[in-house]
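Novice: This structure is in structure tokens; I'll ask about it shortly.
Throughout, read-outs are computed from the coordinates displayed, never taken from laboratory work. Fair warning: this is a prediction, and the values are worked out from it, not measured in the lab. Because the Cβ atoms are built from the backbone with ideal geometry, glycine has one as well, and the counts that use them run over all protein chains shown.
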Amino acid sequence: MEDARIEETKAEAARIEEPILEEERTEDLEEIDTIIAELEVSGGRGNLILCVVNAPAYRDGIIRALSRRFKSIVINVNESEDVIRSLKSGDFGGAEVLIWTMPEKLTDELADALNNFRELFYDAGVPSLVFSSQSFLDDVIRRAPDFWRYRGNYHELKGCDRGPAFEAIEALSTSLRYQNKEDLLRRERINEHLLEKVKDEREAAKILDELGQISYLLGDYDRASNYLKQELKISEEIDYKKGVASSLHQLGMLAQATGEIIEARRLYGESLKIAQELGDKSGVARSLHQLGMLAQNTGDLIEARRLYGESLKIAQELGDKSGVARSLHQLGWLAQNTGEIIEARRLYGESLKIAQELGDKSGVARSLHNLGVLAQATGDIVEARRLYGESLKTFLDLGEKSGVAITLAQSALLEEMEGKLERSLDLIREAEKIFLELGSPTALQARQVRERLEQKVLNKKMHE
Amino acid sequence: MRDATIKAYRNKREKIAKEDVESALEKLRRTYDRTLTEAHKRRALAIHESKEARDLDKDDGISRELLFSLTAVEYEDENGRWCDVDPLLLPLVEKWKMQE
């Protein structure tokens, strides 16, 4: 058995009183205890127990603990042949349990092998415990239903509670579209030049508006605030209501970015009122969108759905594809929030497609990031890493610091899932530095993750 | 049933308690709810209403997938053959209806 690793075990080991991992959750302990009871009951007979664990490092810890309890063979499955050969060989070296680890993707060949050879798991005369990620199991249910129906039981282990992930990046309602950081800096220089030359105050307000947006995207929030306050002042003086609404909206986004939720809500509310008075539907849609984000962030998901829905309807009526993509992205995040992974993936996918058509790189990067979060949440680590890589590259290219920081932070959690603690620590330190530069409230979350990782690295070194 | 039985055994109970069954059912419901697409859910609702599970054409495999994964099940009695959503998923049917 080439792919198998035989682990001698101490049969006299206690059930599970010893700690499995430093970070297991209480409900996981109960579930693991149930698995052990089930393996004991199955002793000497075939059984097929499926077990979902997303983080490979956590899975390996559980396997080590089980291997201390039962004499086990661990079969790492890479392709269908690994399943067929192992089961047909019938040589399990006197193992009490066959522990299988499935790959990240269910290929057609593997689905066929699981379906067609499912009975061999019972014929083996030894119980099988099959570990896979959630995304793999979801695929099994759809594409290898016979194998799924044949299971004796299945368990889901959540892994350690890392607190809220950095997760989704929101699609903000800005009107600025640009190619890369150089493009932004070039536009900044042109606008600064124009601002010096311009005589018309309304034009000055428009220039200040764009300068505010550029500084915001570059992560220079103080500078953005200065430009936008100037815009607001001029717009009020000349009674240019559209300028007032726009500056209030942008100032709301700044307040939101620095965690001043109540102030952000007030500013969006004022902006919305003016946009409604002016009949500026596009402005109304943007404010509703941002208010939806605030509702979502404060846990009012019903209100968030209503606001995104209204914003989407207006964007569709106006033929505003960018607005449609923005709303779909947020509805995707809402679905993700409520655990509807498939629906979230569909909505992000639609949003991504529109952003790609429009050449909206920022929108593309946001959708890719969030699709990465979904892949990570379902244990598809290779796909998550690919998506974060693409997203990070685009954010770096665009000079969008907040996007860079969030993607780095989320990548840190991904590396942690794989047990690559030092790499994870490097990434979260980098992310925390940027969050601090931005004055973002997420800096606190990054610090907590960094401290936890530092402790884990220390524990690891002590064990070594 | 196996899940509930093993939980009762682990908790050293001689009989399967209602909570053992409920927690096993809830776990299954969660899994099905997570894996079904919107199209699957819409079709499951249609099957629940019509008691029939038919694909629309040869390219449509949704009803077949629901039957294979035991989301929908087929019965045979004195009235002939008919289909419905697996009874364990009926609480989800109410949820899906509200989402429509």
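Novice: What is the packing order of peptides A:177-183, B:36-42, taking the mean over residues of other C-beta atoms within 10 Å and listing the highest first?
Specialist: Details: A:177-183: 14.9, B:36-42: 18.6.
Averaged packing, sorted descending, gives the order B:36-42, A:177-183.
Novice: How crowded by other chains is A:46-59, given as the mean number of beta carbons from other chains within 10 Å of each beta carbon?
Specialist: 0
Novice: First measure r as the distance between the Cβ atoms of residue A:276 and residue A:88, then evaluate 1/(1 + (r/R0)^6) with R0 = 60 Å and state the FRET efficiency to the nearest 0.05.
Specialist: Rounded to the nearest 0.05, the efficiency is 0.25.
Novice: Run the numbers for residue A:317 and residue A:298: contour at 0.36 nm per residue of separation, minus the present Cα-Cα distance, in nm.
Specialist: This chain segment gains 4.0 nm when fully extended.
Novice: For n ≥ 4 DSSP H runs only, could you compute -39500 (n - 2.57) per run for chain B, divide by its residues and tell me the 222 nm figure to the nearest 500? Write out the running numbers ahead of the final one.
Specialist: Details: 5 runs with 57 residues, N = 100.
It lands at -17500 deg cm²/dmol.
Novice: Against the longest principal axis of chain A, how steep is helix A:241-257, in degrees 0 to 90 to the nearest 10, with axes from Cα atoms?
Specialist: For A:241-257 against chain A, the angle is about 30 degrees.
Novice: Also: Compare the Cα positions of B:46, B:61, B:92 along the charge dipole of the range B:38-100 (+1 at Cβ of Lys, Arg; -1 at Cβ of Asp, Glu; about the Cα centre) and return the one farthest towards the positive end.
Specialist: Toward the positive end, the furthest listed residue is B:92.
Novice: Once both labels are modelled 7 Å past Cα along the beta-carbon direction, what's the residue B:17-residue A:437 spacing in nm?
Specialist: 5.6 nm
Novice: Taking chain A as the reference, fit the longest principal axis to its C-alpha atoms, fit the long axis of helix A:261-278 to the helix C-alpha atoms, and give the angle between the two in degrees, 0 to 90, nearest 10.
Specialist: Between the helix axis and the principal axis of chain A, the angle is about 50 degrees.
Novice: Taking the Cα centre of the range A:266-359 as the origin, how large is its charge dipole in debye, to the nearest 20, when only Lys and Arg (+1) and Asp and Glu (-1) carry charge on their Cβ atoms?
Specialist: 120 debye
Novice: How crowded by other chains is B:62-68, given as the mean number of beta carbons from other chains within 10 Å of each beta carbon?
Specialist: Values: counts 0, 0, 1, 4, 1, 1, 8.
Mean number of neighbouring Cβ atoms from other chains: 2.
Novice: Next question, about the same structure. Quick one: if the Förster radius is 30 Å, what FRET efficiency do residue B:26 and residue A:122 give, using the C-beta to C-beta distance and rounding to 0.05?
Specialist: E between residue B:26 and residue A:122, to the nearest 0.05, is 0.65.
Novice: At 222 nm, what value in deg cm²/dmol follows for chain A if DSSP H runs of at least 4 each add -39500 (n - 2.57) and the sum is divided by all its residues, to the nearest 500?
Specialist: -22500 deg cm²/dmol
Novice: I'd like the per residue volume of the convex hull spanned by the Cα atoms of chain B, given in cubic angstrom.
Specialist: It is 122 Å³ per residue.
Novice: From other protein chains only, count the Cβ atoms within 10 Å of every residue's Cβ in A:339-346, then give the mean. All intermediate terms of the calculation are to be shown ahead of the outcome.
Specialist: Details: counts 3, 7, 2, 9, 5, 0, 1, 3.
Average neighbour count from other chains, rounded to a whole number: 4.
Novice: What angle do you read, to the nearest 10 degrees and between 0 and 90, between the alpha-carbon axis of helix A:80-89 and the longest principal axis of chain A?
Specialist: 20 degrees
Novice: Any idea what the relative contact order of the range B:38-100 is, in percent, if you count C-alpha pairs under 8 Å spaced at least 6 apart?
Specialist: On the way: 66 pairs, mean separation 22.2, N = 63.
Worked out over the range B:38-100, it gives 35 percent.
Novice: Positive end of the charge dipole of chain A (Lys, Arg +1 and Asp, Glu -1 on Cβ, about the Cα centre): tell me which of A:435, A:134, A:462 has its Cα farthest that way.
Specialist: A:435
Novice: Report the Stokes-Einstein translational diffusion coefficient (µm² s⁻¹, integer) for chain A, Rh taken as the Kirkwood radius over Cα pairs, at 25 °C with viscosity 0.890 mPa s.
Specialist: The estimated diffusion coefficient comes to 100 µm²/s.
Novice: Exceeding 23 Å between C-alpha atoms, which entries from my cross-link table qualify? They are A:181/A:393; A:197/A:233; A:105/B:95; A:273/A:361; A:229/A:273; B:7/B:41.
Specialist: From A:181/A:393; A:197/A:233; A:105/B:95; A:273/A:361; A:229/A:273; B:7/B:41, over 23 Å: A:105/B:95; A:273/A:361; B:7/B:41.
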